[in-house]
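J.: Sharing a structure here in structure tokens format.
Values quoted throughout were computed directly from the atomic coordinates according to the rules given, and no laboratory measurement underlies them. Every value quoted in this text rests on a predicted model; they were computed, and no experiment measured them. Here the Cβ positions follow ideal geometry from the backbone for every residue, glycine too, while neighbour counts run over all protein chains shown.
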């Protein structure tokens with residue numbers, strides 16, 4: 001069974017600073033995918049970044065980067081230069097090798113202050 | 001516009017009154033799935049479908065039914081809703097085997113059962 005753990009229920013960061021949201025995972029599949037989603041107060045799920053288990057390089061998408069440490073089974077999200085609009089709930093998720101299941105962590109609420 | 005459409009967005013109902021939440025996608029995706037989101041628990045998979053007439057249980061299927069008669073539609077049926085099914089529900093779709101950016105989520109349905 002797959003499991004995603006996000007140990008930070010809430011994080012605070014000041015505008016323009018960088019922040020790291022933690023995510024560890026557990027799976028016996030050699031092939032899997034890792035995602036980060038953002039959920040603002042309006043409720044929609046917004047895709048941020050993806051990392052495949054066989055990808056050699058860490059994924060980056062604009063201000064978002066994924067710090068993928070396969071041996072430690074961690075996939076932390078790094079947001080550089082935080083903006084007020086980054087205040088939201090952030091979910092880490094893992095896709096199984098059969099592409100049938102997307103397992104989510106419990107989320108981290110990020111608050112960005114001026 | 002490529003999208004997953006859920007209806008209704010908000011629903012208040014009474015215990016035991018059958019209801020259906022509709023989900024439709026216009027991207028010709030094979031894979032569709034339903035999730036419920038509860039505070040402190042993240043998103044949990046209810047049912048998923050790999051293609052027409054192929055459905056399978058997720059982590060929390062009790063009290064729910066689904067059907068996949070057409071590729072574009074994947075309704076979620078609560079035959080006898082109970083208050084513990086009060087939740088935020090998301091439908092998602094994906095091309096099979098397309099993990100990167102592959103999951104498109106609907107806007108969510110906030111269900112309250114009284």
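J.: Across peptide A:44-50, how many C-beta atoms of other chains are within 10 Å of each residue C-beta, on average?
T.: Working: counts 5, 11, 1, 6, 0, 2, 5.
Per residue, the average neighbour count from other chains is 4.
J.: Then there is this: Using packing as a proxy for protection, rank B:88-94, A:24-30, A:77-83 so that the peptide with the highest average count of other Cβ atoms within 10 Å comes first. Could the numbers behind the result be given before it?
T.: Values: B:88-94: 23.4, A:24-30: 13.7, A:77-83: 17.4.
Put in order of decreasing packing, that is B:88-94, A:77-83, A:24-30.
J.: Fewest Cβ neighbours within 10 Å first, please rank A:92, B:23 accordingly.
T.: Numbers: A:92 28, B:23 25.
Neighbour counts put them in this order, fewest first: B:23, A:92.
J.: Separate question: Could you give the radius of gyration (one decimal) and Dmax (whole number) of the Cα atoms in the protein assembly as shown, in Å?
T.: So, for the protein assembly as shown, Rg and Dmax equal 17.5, 52 Å respectively.
J.: Sticking with this structure for a sec: Return B:41, B:76 ranked ascending by Cβ neighbour count within 10 Å, so the fewest neighbours appear first. Show your work: numbers first, answer last.
T.: On the way: B:41 13, B:76 22.
The order, fewest Cβ neighbours first, is B:41, B:76.
J.: Hey, what did chain B get for relative contact order, percent, Cα under 8 Å, at least 6 apart? It would help to have the intermediate numbers written out before the result.
T.: Working: 302 pairs, mean separation 40.7, N = 114.
Relative contact order of chain B: 36 percent.
J.: Modelled label-to-label distance, residue A:46 and residue B:17, 7 Å Cα→beta-carbon offset: nm?
T.: 3.5
J.: Label the range A:11-50 by shape, choosing from rounded, prolate and oblate, from the square roots a ≥ b ≥ c of the eigenvalues of the Cα gyration tensor; if a/c is under 1.5 it is rounded, and otherwise prolate applies when a/b is larger than b/c, oblate when it is not.
T.: oblate
J.: Please report how far the C-alpha centroid of the range B:1-47 lies from that of the range A:47-114, rounded to the nearest whole angstrom.
T.: Measuring centre to centre over Cα atoms gives 23 Å.
J.: Given Cα pairs under 8 Å that are at least 6 residues apart, what percent is the relative contact order of the range A:1-85? Display every interim value, and only then the final one.
T.: Values: 152 pairs, mean separation 28.0, N = 85.
Across the range A:1-85, relative contact order equals 33 percent.
J.: While we're here: How many partner chain Cβ atoms sit within 10 Å of a residue's Cβ in peptide B:29-39, on average, as a whole number?
T.: On the way: counts 0, 1, 3, 0, 3, 0, 3, 0, 7, 1, 2.
Per-residue shielding by partner chains comes out at 2.
J.: Let me ask something else about it. Considering all projection directions equally, how large on average is the shadow of the alpha-carbon convex hull of chain B, in square nanometres? Mind dumping the intermediate values first?
T.: Values: hull surface 27.0 nm².
So the Cα hull casts an average projection of 6.8 nm².
J.: Let me ask something else about it. Which whole number of Å³ per residue matches the convex hull of the alpha-carbon atoms in chain A?
T.: Working: hull volume 10.8 nm³, N = 114.
Taking the convex hull of the Cα positions in chain A, it is 95 Å³ per residue.
J.: So for the range A:17-60, averaging the separation of alpha carbon pairs under 8 Å that are six or more residues apart and normalising by length, what relative contact order in percent results?
T.: 31
J.: To the nearest whole number, what is the average tally of beta carbon atoms from other chains within 10 Å of the beta carbons of peptide A:31-40? Please list the in-between numbers first.
T.: Numbers: counts 1, 1, 4, 1, 5, 0, 3, 0, 6, 0.
Neighbouring Cβ atoms belonging to other protein chains average 2 per residue here.
J.: Over the C-alpha atoms of the range B:18-85, what are the Rg and the largest Cα-to-Cα span, Dmax, in Å?
T.: Rg and Dmax of the range B:18-85, Cα atoms, are 12.0, 34 Å.
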